[in-house]
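Input: a single structure, listed below in structure tokens.
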Amino acid sequence: MKLKCFLFNEVTEQGYKFLCTGICSQYAEQDIKNLSEQIKKIKLKVKDDPFYIDYILAIHLQKVCAETIYGVGLTIKIPGIIKNTGGVIGNPHMNPTSAEGLSENIGHGLSTAAYSGGPGIIIEGSIEHAEKILRAASEEMSGMKVLELMKDKAVALGINKAIMICDGSGIKSSGCALTLYNNKTEKLTLSK
């Protein structure tokens, strides 16, 4: 099965900037457009509760991702939030779980690993490689520099398809996303 990566930025109807990245079927172009439109419609009650915000994001993705989207990451900037939150990554067709720094197989040859409040990654590759890439960073690290560090580790391990995100909301967050697709890197950040 041929896979491709995508990355886009948009603004929700409530005015929150977001970045979305994913790994999908090479034939999912219309599904990616539909996903963008559906994420714009998400409704969030603003409260400084990292679990609540991430849970709502994950459930929304579960409802709106087409079957051709196998892995997705979303980071959103919600002003006024203190604690790091606003970032989810995983298989949108599986039940969401909290990030605990562990790696897991999410189907279609993909593996994920993420820290709670820290960077997360999905790769086309083994859970061992996903864990090694995540361990190139630490839970305290955030921002594009950490995603670049993880990308370099992925390339060194021979990975050629990966998506990565950092939380977008909270005082110490720096919402950003990066894709690695056939040795080409694309990256976006949420402005503060």
Report task. Using the Kirkwood radius over Cα pairs, work out the Stokes-Einstein diffusion coefficient for segment 1-126 at 20 °C and 1.002 mPa s, in µm²/s as a whole number. Result -> 147 µm²/s
Query raised in the report: Taking +1 at the Cβ of each Lys and Arg and -1 at the Cβ of each Asp and Glu, which of L178, G117, N105 sits farthest along the dipole of segment 77-182 towards its positive end, judged by Cα position relative to the Cα centre?
Result: L178
Query raised in the report: Quick one: if the Förster radius is 35 Å, what FRET efficiency do H93 and L149 give, using the C-beta to C-beta distance and rounding to 0.05?
Result: 0.75
Query - Within-13-Å neighbourhood charge of E128 [Cβ basis; K, R +1; D, E -1] - result: +1
Query raised in the report: Does segment 133-192 come out rounded, prolate or oblate by the C-alpha gyration tensor, with a ≥ b ≥ c the root eigenvalues, rounded set by a/c under 1.5 and, if not, prolate when a/b is larger than b/c and oblate if not?
Result: oblate
Query raised in the report: Can you give the net charge of the other residues whose Cβ lies under 9 Å from the Cβ of T185, counting K and R as +1 and D and E as -1?
Result: +1
**Report entry** Whichever lysines have a C-alpha closer than 25 Å to that of K132, once near sequence neighbours (fewer than 8 apart) are set aside
**Finding:** K2, K4, K145, K151, K153, K161, K172, K184, K187
Query raised in the report: F51 versus E37, label points 7 Å from Cα toward the beta carbon: distance in nm?
Result: 3.6 nm
Query raised in the report: Can you work out ³J(HN,Hα) from phi for every residue in segment 76-89, in order, using Karplus 6.51 cos²θ - 1.76 cosθ + 1.60 and θ = phi - 60°, giving whole Hz and x for Gly and Pro?
Result: 9, 9, 10, x, x, 8, 8, 7, 5, 6, x, x, 9, 8
Query raised in the report: For segment 3-189, what is the charge dipole size about the Cα centre, in debye to the nearest 20, if Lys and Arg each add +1 at the Cβ and Asp and Glu each add -1 at the Cβ?
Result: 420 debye
Query raised in the report: What size of dipole, in debye to the nearest 20, comes out for segment 11-52 about its Cα centre when the only charges are +1 on Lys and Arg C-beta atoms and -1 on Asp and Glu C-beta atoms?
Result: 180 debye
Requested in this report: Add +1 for every Lys or Arg and -1 for every Asp or Glu among the other residues with Cβ under 15 Å from the Cβ of N160, and state the total.
Outcome: +3
Query raised in the report: Can you work out ³J(HN,Hα) from phi for every residue in segment 12-23, in order, using Karplus 6.51 cos²θ - 1.76 cosθ + 1.60 and θ = phi - 60°, giving whole Hz and x for Gly and Pro?
Result: 6, 4, 7, x, 8, 6, 9, 10, 10, 9, x, 10
Query raised in the report: So what are the ³J(HN,Hα) numbers for segment 152-169, from phi and the Karplus equation (6.51, -1.76, 1.60; θ = phi - 60°), rounded to whole Hz, Gly and Pro as x?
Result: 4, 5, 4, 4, 4, 8, x, 7, 10, 9, 7, 10, 9, 9, 10, 3, x, 10
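Coordinate-derived values only; no laboratory data. Fair warning: this is a prediction, and the values are worked out from it, not measured in the lab. With ideal geometry, Cβ positions are generated from the backbone for all residues, glycine too; neighbour counts draw on all protein chains shown.
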